[in-house]
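Encoded as structure tokens, the structure appears first; notes follow it.
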Amino acid sequence: MSRLVSLTFGAIALSLGATDACAQSGNVGAAVGGYSFEDAAKEHPDTKNFHSADGHLTFAVVTQSAGNGFFDPLYVGATVAGNIIGAEVLLLGSEAPNQDVAREIEILNQIVQDPTIDGIIMTTPQVGAYDDIVRAAAANGIPVATTNSFDGTILNRSSISHTGQDASAAAIAGEALAKCLMERGIESGSIVLPSSTAQGNIEVNDRVTSAFNAIVKTLNDAGKLGAFKVDAGPQNTGIDTNPNDPVAGVVTLFESRGDIVGAFGGDALFTPAIAKASAQLGMTGKICAYGFDLGPAQLDALRSGDLTGVIGQQPFLQGFWPVMQLYLQIDRGISAANLDTRAQLVTRETVGNIGKRYEN
């Protein structure tokens, strides 16, 4: 009886397998237009000789602060994409650990005149600073893609692809900060959002505003807003703090308020500064400290507990996709295919999952 049952099940399995095979017989071998997918999937014969006509594509990636480590996974992503399509990718940027737009533009002005360059990928943290670069690139026949920071007013914006995270993602950290206070039973105090509006980085300004609004909304919805003082400066874009010595600036800010229970930093400059200020003042674990960008300093601060949570922007994608976008623009005529890299909130509990395969 046992053997008969086994044989019966085997026959049913064979019958089901035959049915599945028949269901997969409707292959699509050619497009409705008549061409084959195999031929259409091939690279155009002129692609490798685009612009420089040297038999291979060369793309330049230029950032405003290559010296702080945040852009490392971005450069890795760009390299991976270049390897896939067989393009050379030049990894360039300001050597400074903090934002240095002047140096970035200096590099871009050299690159845009280089006859071997077939495409430019650049960060655009300062609104209005890159129009001449875009104009010169267009005149020289070089396509441009922007990544990381977004300038909505840049010349030919609707024709230029952008890869990055919408600033509204900072609301995730703002909500988490407010919930952290409630979960810890903190009933009152000051929540500060230090920044440097003087840098003219509208992306960071918008992040601070989004985090501020989320903190206020979450506390208000819980009926607790009246007990807290939430301060993001007069325009809700950040309490202006010295960018040349951000740690000292944050320490002074914390000491001046005397009742700090929460803080948020909108970039890779002020997030580590909040962590260091908390450690110096013995506030580690006593305040809800959140920030933006998962650079090495932020990861260390999460592990030590000096930061409670940090928003990551998936920088690997911010390097990978712009290279692929420029390739598609050259080979397929596809342009302005934007990518929102979304956000991930990383905490001390989950920081061990970050950094795998070199992506912060």
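Just so you know, all these numbers are worked out from the coordinates, no wet-lab data involved. Source: prediction; values computed, not measured. With ideal geometry, Cβ positions are generated from the backbone for all residues, glycine too; neighbour counts draw on all protein chains shown.
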Between Ser256 and Asn338, the FRET efficiency computed from the C-beta separation at R0 = 41 Å comes out, to the nearest 0.05, as 0.50
Residue-normalised 222 nm signal for the chain, counting each DSSP H run of n ≥ 4 as -39,500 (n - 2.57), nearest 500 deg cm²/dmol, is -12500 deg cm²/dmol
From fewest to most C-beta neighbours within 10 Å, the residues His51, His44, His162 line up as His44, His51, His162
Taking Cα atoms only, helix 101-111 is inclined relative to the longest principal axis of the chain by an angle, in degrees rounded to 10, of 30 degrees
Taking placed amide H atoms and a strict 5 Å upper bound, the residues 5 or more places from Ala145 or on another chain that come that close are Ile120, Ile121, Met122
Between the alpha carbon centres of the range 312-331 and the range 53-90 the gap in Å comes to 9 Å
What one gets for the range 191-263 as the Kirkwood radius, inverse of mean 1/r over different Cα pairs in Å, is 12.7 Å
Going residue by residue through the range 161-174, the Karplus relation 6.51 cos²θ - 1.76 cosθ + 1.60 with θ = phi - 60° gives ³J(HN,Hα) values, rounded to whole Hz and with x marking Gly or Pro, of 6, 9, 10, x, 9, 5, 4, 5, 4, 4, 4, 4, 5, x
The relative contact order of the chain, taking Cα pairs under 8 Å that sit 6 or more residues apart, comes to a percentage of 18 percent
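Below 20 Å Cα-Cα, how many Lys pairs turn up in the chain? Only count pairs eight or more apart in sequence, or on different chains, if you could.
8
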In nanometres, the difference between 0.36 nm per residue of separation and the alpha-carbon distance of Glu106 and Arg184 is 23.2 nm
Interchain or sequence-distant (5+) residues whose placed amide H lies within less than 5 Å of the amide H of Val230 are Ile191
In whole Hz, the Karplus estimates of ³J(HN,Hα) for the range 330-336 (6.51, -1.76, 1.60; θ = phi - 60°; x where Gly or Pro) are 6, 8, 10, x, 8, 9, 6
Taking a ≥ b ≥ c as the square roots of the eigenvalues of the Cα gyration tensor, with a/c under 1.5 meaning rounded and otherwise prolate when a/b exceeds b/c and oblate if not, the chain is oblate
In units of 2.2 N^0.38 Å, the Cα radius of gyration of the range 207-303 is 1.04
Karplus-derived 3J(HN,Hα) from phi for the range 61-67 (6.51 cos²θ - 1.76 cosθ + 1.60, θ = phi - 60°), whole Hz, x at Gly and Pro, runs 10, 10, 10, 8, 7, 6, x
Between the alpha carbon centres of the range 243-279 and the range 126-160 the gap in Å comes to 34 Å
Compactness summary of the range 86-198: radius of gyration and Dmax from Cα atoms, Å, are 19.0, 62
